[in-house]
Amino acid sequence: MKICSVIAEFDPFHNGHQYLLDQAKRLTHADVLVVFMSGNFLQRGEPAIVDKWKRTREALSGRADLVIELPINVSMQAAHLFAFGAVQMATLIESDYLVFGSEHPQVDYQMLAKEAQQLKLTTKSFTQSFASQLFTALREKTGVDLKSANDILAFNYFRAAQQIGNTMQLLPVMRKEAGHDELSLDFEHITSASAIRRARLEDLSNYQKFIPDQTKTDLSGTVIDWSKLWPFLKYRILTESEMTLKNIYGMSEGLEFRFKKVIHNSSDMASFLSQMKSKRYTYTHLQRLCLAIVLNLKDSQMLNQPAVLRVLGFNENGQQLLHRLAKLELPLLSKIGQNQMTINYQTTLRADNIYGLISHTEQNIGRKPIIFP
């Protein structure tokens, strides 16, 4: 049985994602297509616009065979840790292929990953993030300038595979039409998830030609964004001590004092981030940090966690793979109960409880994987 994996957020699932899944099947001729999909909280430090169950059904409608959740200790990380955790999970199920989108699939990412291993960088620069230092050094050494989010992830997938020693074939697929952060809807068939989210959150309807029918149904209901978390963030920063905030995952260099100072002059998330922004910290880094505060995440919960393969949905092909994985005694979790896998899943379970508060939908208790016809 040949296995092709795709790592995704599907926030929400749109025509570009459908193209990626179709290409994955065409290029690999795999027997089963597995999607490792972020749960309810995402890599850029935001809640998903609709929950993981709706997005799972969207993926299965788009011809995925099996959807496995990326737990929060993977899904809400900087690109290199996100990629490492996701590639590690794809390795665990013995994937033969990993397919992903890229603005520049012709780049020799394997060469770049090898070059990165030779670089010696410092983390003490206050004018550049570590990632910025890395990509600046790579550009100076190779002439390749990694700027777009998907190209950066592609590089990190290759880097993670080298670090793990994985021999699966990594296949970048050229993105069509809109770029990753493109906010325009002036395209024929494919635009970015960012543009679709913005249009939906502004109650526009001109995004619907870019999404399949299942996504149209899901976006017609309640949608989630940072505005629903803002009161939680403000409450936490106002009531917690600097020492407590200092112990939040990702907090560094006295940022907890700045958080306490800036929160008094902020009326919403946008104004708060604009005051917190500096050359040292990107908006995405700060947003992840804000989410870690809301969810009260600590280093022990986000680093070196045991693997859990939470099954969100499958079809007949996916079920056949699950039978095979069960025989390998992999850490599969299909429902919450009194078992070791549930114990290892506690950080994601707690985070989902917060998502349940703002979405008014239970995310785990009593929920079973979606069985798609």
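The values are calculated or read from the model by the stated rules, or taken from the named source; none is laboratory data. Values in this document were obtained by computation on a predicted structure and should not be read as measured data. Neighbour counts run over all protein chains shown; Cβ positions are idealised from the backbone, glycine included. Heads up: the accessible areas ignore ligands, DNA and RNA and are worked out on the full protein's heavy atoms, side chains in. Shrake-Rupley method; radii C 1.70, N 1.55, O 1.52, S 1.80 Å.
So the values come out like this:
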{"item": "Pairs, first under 26 Å from Thr348 (Cβ atoms) in segment 270-292, second open to solvent by 60 Å² or more (accessible area, probe 1.4 Å), C-beta under 7 Å, six or more apart", "result": "Leu273/Tyr283; Tyr283/Lys277; Leu286/Lys277"}
{"item": "Close pairs from segment 3-17: first under 12 Å from Gly101 (Cα atoms), partner open to solvent by less than 10 Å² (accessible area, probe 1.4 Å) and acidic (Asp, Glu), Cβ under 9 Å, at least 6 apart", "result": "His17/Glu58"}
{"item": "Tabulated pairs, segment 348-369, first closer than 18 Å to Leu297 by Cβ, second among the charged types (D, E, K, R), C-beta under 6 angstrom, 6+ apart or interchain", "result": "Gly356/Glu362; Ile358/Lys228; Gln363/Asp352; Asn364/Asp352"}
{"item": "Out of Glu69, Glu46, sole residue that is open to solvent by 10 Å² or more (accessible area, probe 1.4 Å), at pLDDT 95 or above and not aromatic (Phe, Trp, Tyr)", "result": "Glu46"}
{"item": "Checking Asp352 against (1) closer than 22 Å to Leu229 by Cα; (2) open to solvent by 30 Å² or more (accessible area, probe 1.4 Å); (3) of a type in the set (Asp, Glu), the condition it does not meet", "result": "(2)"}
{"item": "Yes/no for Phe41 being more than 15 Å from Tyr157 (Cα to Cα), among the aromatic types (Phe, Trp, Tyr) and at pLDDT below 95", "result": "no"}
{"item": "Residue list for segment 29-43, filter: open to solvent by less than 10 Å² (accessible area, probe 1.4 Å) and either closer than 18 Å to Met1 by Cβ or among the basic types (Lys, Arg) (or both)", "result": "Val32, Leu33, Val34, Val35, Phe36"}
{"item": "Residue check, Arg26 at pLDDT 95 or above, in a helix (DSSP H, G or I) and buried (at least 23 other Cβ atoms within 10 Å of the Cβ)", "result": "no"}
{"item": "Selection count, segment 192-223, where residues are closer than 22 Å to Phe41 by Cα, part of a loop (DSSP other than H, G, I, E, B) and in contact with a helix residue (DSSP H, G or I) (Cβ under 7 Å, 6 or more places away or on another chain)", "result": "3"}
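Conditions tested, residue by residue: (1) surrounded by fewer than 19 Cβ atoms within 10 Å (Cβ to Cβ); (2) out of contact with any Ser or Thr (no Cβ under 8 Å at 6 or more places or on another chain); (3) not small (Gly, Ala, Ser).
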{"position": "Arg236", "(1), (2), (3)": "no, yes, yes"}
{"position": "Ser241", "(1), (2), (3)": "yes, yes, no"}
{"position": "Arg258", "(1), (2), (3)": "yes, yes, yes"}
{"position": "Lys261", "(1), (2), (3)": "yes, yes, yes"}
{"position": "Ser278", "(1), (2), (3)": "yes, yes, no"}
{"position": "Thr282", "(1), (2), (3)": "yes, no, yes"}
